[in-house]
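The block underneath contains the structure these notes are about, expressed in structure tokens.
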Amino acid sequence: MERDQYATDNRRQDSGSQRRSQVTSIQKGQEFDVTIEDIGKKGDGIVKVEGYTVFVQNTEVGEKVRIKIKRVMETIAFADRLGDD
């Protein structure tokens, strides 16, 4: 009887969550000073923070803003712009 080739395959296959743990994780409530890099399809500013794509409303490309993370998902996050009173 021939043995299943996959039963003895010792190569490690990373899941997305295992790969994510290798990158520093951001958390809800953290604040960052960032420069908006791009604009998304819905008009939100986009910036990369510690491996995450972060969407920030009411911003423009090149704008330097302080943001507060409000929601974190597996590879993206959403933040509020701070300092607008």
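Computed from the coordinates by the stated procedures, all read-outs in this text should not be read as laboratory data. Quick caveat, the model's predicted, so the values are computed rather than measured. So basically every Cβ, Gly included, is an ideal-geometry build from the backbone, and we count neighbours across all protein chains shown.
The label point for residue 42 and the one for residue 63, both projected 7 Å from the Cα toward the Cβ, are 1.6 nm apart. Normalised Debye scattering of the range 26-81 at q = 0.20, 0.26 Å⁻¹ gives log10 I(q)/I(0) of -0.58, -1.01, counting only Cα atoms as equal scatterers and leaving out solvent. Exposure proxy ranking for 49, 56, based on other Cβ atoms within 10 angstrom of each Cβ and starting from the fewest, stands as 49, 56.
What nm distance separates the two modelled labels at residue 35 and residue 53, each placed 7 Å from Cα along Cα→Cβ? So the two model labels end up 2.1 nm from each other.
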